[in-house]
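Following: one structure in structure tokens, then a few remarks.
The values are calculated or read from the model by the stated rules, or taken from the named source; none is laboratory data. Note that the structure is a prediction, hence the values are computed from the model and not measured. Every residue, glycine as well, gets a Cβ built from its backbone with ideal geometry; the counts of neighbours run over all protein chains shown.
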Amino acid sequence: MLAAMRAFKDIDDRLLAPQIQGTGLEIRLYIHNDNHVELAIHPIKRIAFNNQIMARTRMSSLWSILLLLALSAALCTRSAAATNDDDGSYGTDLDAGRRARAAATVAEILSVHNEARREVGVPPLVWSPQIAGYAKGFAQSRRGDCAPRRSPLFYFGENVVVGKGRHWNATALVAPWVAEGQWYDYGSNSCAAPPGAGCLRYTQVVWRNTTQVGCARIVCGSNDTLLVCDYFPPGNYGTGRPY
């Protein structure tokens with residue numbers, strides 16, 4: 001994956017540069033049944049039409065390619081099955097009871113997020129099972145220590161929270177992120193949170209350019225509950241306002 005990212009960076013520099021030659025590049029990401037990921041780069045011919053250079057194919061944005069790479073990482077890292085303590089918020093091989101719990105968890109998470117977004121006038125988020133799959137894989141990697149640490153991948157925004165004990169619903173876990181909004185001042189784009197607190201989880205929740213979210217909730221070995229939510233495109237970059 002790192003090699004693919006390095007290759008992509010080199011390619012992206014060329015894609016964003018002015019195209020003055022008669023050829024371009026086409027990037028395809030293949031994900032095989034064994035989770036093997038292949039990044040293929042092909043030259044393509046370009047044709048002139050009404051004084052415009054028309055490519056046979058072109059990328060809609062940098063984010064679209066990053067999302068493909070992010071989701072390939074999700075396939076490579078997630079666990080093949082959830083335990084009975086998990087909400088099963090991703091995957092397809094679930095019994096009816098777990099499917100119902102998973103649907104309820106998704107509905108709770110979207111409800112809290114989108115109510116906060118509605119209050120500041122930004123569009124609602126949609127649920128991504130693929131992003132939830134990556135969140136699941138990362139959450140399971142923290143099952144042993146249940147530490148509220150971020151994953152190392154830069155192409156997702158991420159909020160992580162740990163609740164003491166195993167009986168936490170998603171609404172109660174997400175609510176503290178939204179509550180950080182009480183300390184955020186839009187006029188000055190500043191945060192007046194007390195020591196040990198902050199506003200970044202709230203600003204990620206309401207970040208205008210973020211369109212997708214996927215989360216996973218597990219019970220750790222300590223019997224505490226860990227919730228990981230990943231966001232795409234990520235928020236909290238630069239010094240601009242979230243909306």
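Kindly indicate whether V161 is outside any helix (DSSP H, G or I) and closer than 13 Å to C229 by Cβ. Considered against the rule, which asks whether it is outside any helix (DSSP H, G or I) and closer than 13 Å to C229 by Cβ, V161 comes out as yes. Within the stretch 151-165, the set of residues being charged (D, E, K, R) and loosely packed, with under 14 Cβ neighbours inside 10 Å comprises just one member, K164.
Let's see how each residue does on (1) crowded, with 21+ Cβ neighbours inside 10 Å; (2) in a loop (DSSP other than H, G, I, E, B); (3) of a type outside the set (G, A, S):
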residue: H167; (1), (2), (3): no, yes, yes
residue: P195; (1), (2), (3): no, yes, yes
residue: C229; (1), (2), (3): yes, no, yes
residue: G240; (1), (2), (3): no, yes, no
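Residue-level check: of (1) over 23 Å from S128 (Cβ atoms); (2) polar (S, T, N, Q); (3) crowded, with 20+ Cβ neighbours inside 10 Å, T203 misses just (1).
Which residue out of E119, E180 is modelled with pLDDT of 95 or more, acidic (D, E), on the phi < 0 side of the Ramachandran plot and out of contact with any helix residue (DSSP H, G or I) (no Cβ under 8 Å at 6 or more places or on another chain)?
E119
Residue pairs whose Cβ atoms lie under 7 Å apart, separated by 6 or more positions or on different chains, with the first residue in the stretch 125-137 and surrounded by 23 or more Cβ atoms within 10 Å (Cβ to Cβ) and the second of a type in the set (D, E), are I131/D230; Y134/D230; A135/D230.
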